[in-house]
């Protein structure tokens, strides 16, 4: 089969590989729609995961079941399915302990384009199919299903990690597609004021649709000073980090109230240490909590998030700004994510029936 792969750090290309084999609990999927992610950019051009050779990229997609293992109960050939970017081993001790995304070791629930071939192939393999696939509802299009792979569950996980409550004032750092879904999730959770850090007009317009109330720009001065000015010196109750680098936590700690929580779902692709300001962290005693987490993945989460689309409470179409038709355009879509033109939020490649 054909696939679009990371050949080595800084280099990508089309390769031929053997079609993946199906284990007794697994499934082989033919993609219907695919979407590249900024994580792919970190992986290839920053070497964030270390060197990878001839590894097919991609972890966002949906498709049609081509083959199932003999022990798979709930899916059959021909089913249209959604699949999350994170595909845990649900019988693992880590999953039983409440952290399925780390099954087999830290971040090891993230298999696609990490340590096994991803979804940018003519076929892709899904482990533990009954736990990691979900039937695609009629009301959810393949394009929307791509957003449910990673953007929605990751953005919403930031909301969970920050423990957003009714009436909270929330800061969202970065309003790319994950940050936009953090805005949407915070709004659904009952946040009152949602302050966004971001400059691109397309992202700001989408953020308004998802519930953002205020915008600031890192280009116009210190983030913490702008937040404190907006809040009358009080700061924010909660914050979600969905963009930036290891230096991003410094101003956010300064803008956070004592007792506040930061949920980080940003992939820190470079740098060695995260910097935290000592005094503004209360000299270590300010009850300012940072929790960074990889989203859980799994069938139940996919089904619940899809239900928000079905009943009209979440419209992910605002994320999709560029569309391609045909598997051969995967490379074009990935390069868009690398170059990030001003009008881009998220590209999708539609492949067919």
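The values are calculated or read from the model by the stated rules, or taken from the named source; none is laboratory data. No experiment lies behind these values; they were computed from the predicted model shown. Ideal geometry is used to build each Cβ from the backbone, glycine not excepted, and the neighbour counts take in all protein chains shown.
Things to note:
- When 127, 114 are checked against the criterion of being modelled with pLDDT under 95, out of contact with any strand residue (DSSP E or B) (no Cβ under 8 Å at 6 or more places or on another chain) and assigned by TED's automatic domain parsing to the domain that holds residue 301, 114 stands alone in meeting it.
- Members of the range 253-279 that are farther than 24 Å from residue 150 by Cα and buried (at least 19 other Cβ atoms within 10 Å of the Cβ): 253, 254, 255, 256, 260
- Answer from 335, 285, 289, 295 - the residue that is over 26 Å from residue 60 (Cα atoms), out of contact with any strand residue (DSSP E or B) (no Cβ under 8 Å at 6 or more places or on another chain) and modelled with pLDDT of 95 or more: 285
- Number of residues in the range 29-44 that are surrounded by fewer than 21 Cβ atoms within 10 Å (Cβ to Cβ) and either in contact with a strand residue (DSSP E or B) (Cβ under 9 Å, 6 or more places away or on another chain) or in a loop (DSSP other than H, G, I, E, B) (or both) equals 1.
- Residue within the range 226-246 that is in a strand (DSSP E or B) and surrounded by fewer than 23 Cβ atoms within 10 Å (Cβ to Cβ) present: no
- Residue match in the range 150-173 (condition: farther than 27 Å from residue 287 by Cβ, touching a strand residue (DSSP E or B) at 6+ places or on another chain (Cβ under 6 Å) and modelled with pLDDT of 95 or more): no
- Pick from the range 1-23, criterion part of a loop (DSSP other than H, G, I, E, B) and touching a strand residue (DSSP E or B) at 6+ places or on another chain (Cβ under 8 Å), ranking: surrounded by the fewest Cβ atoms within 10 Å (Cβ to Cβ): 21
- The range 47-92, subset surrounded by 15 or more Cβ atoms within 10 Å (Cβ to Cβ) and modelled with pLDDT under 95, residue farthest from the chain's Cα centre (by Cα): 52
- Condition check for residue 338: touching a helix residue (DSSP H, G or I) at 6+ places or on another chain (Cβ under 6 Å) and touching a residue at least 60 places away in the same chain (Cβ under 8 Å): yes
- The set of residues in the range 190-225 that are assigned to a helix (DSSP H, G or I) and in contact with a strand residue (DSSP E or B) (Cβ under 8 Å, 6 or more places away or on another chain) comprises 202, 204, 207, 218, 223.
To keep it simple, each residue is scored yes or no on (1) touching a residue at least 12 places away in the same chain (Cβ under 8 Å); (2) within 24 Å of residue 345 (Cβ to Cβ); (3) touching a strand residue (DSSP E or B) at 6+ places or on another chain (Cβ under 8 Å).
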| site | (1), (2), (3) |
| --- | --- |
| 234 | yes, no, yes |
| 237 | yes, no, yes |
| 241 | yes, yes, yes |
| 248 | yes, yes, yes |
| 255 | yes, no, yes |
| 264 | yes, yes, yes |
| 269 | yes, yes, no |
| 278 | no, no, no |
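- Scan the range 306-322 for residues that are farther than 29 Å from residue 97 by Cβ and touching a helix residue (DSSP H, G or I) at 6+ places or on another chain (Cβ under 9 Å) and the total you get is 11.
- Unmet requirement for residue 303, which otherwise passes all of (1) more than 29 Å from residue 97 (Cα to Cα); (2) in contact (Cβ under 8 Å) with a residue 40 or more places away in the chain; (3) in a helix (DSSP H, G or I); (4) touching a strand residue (DSSP E or B) at 6+ places or on another chain (Cβ under 7 Å): (1)
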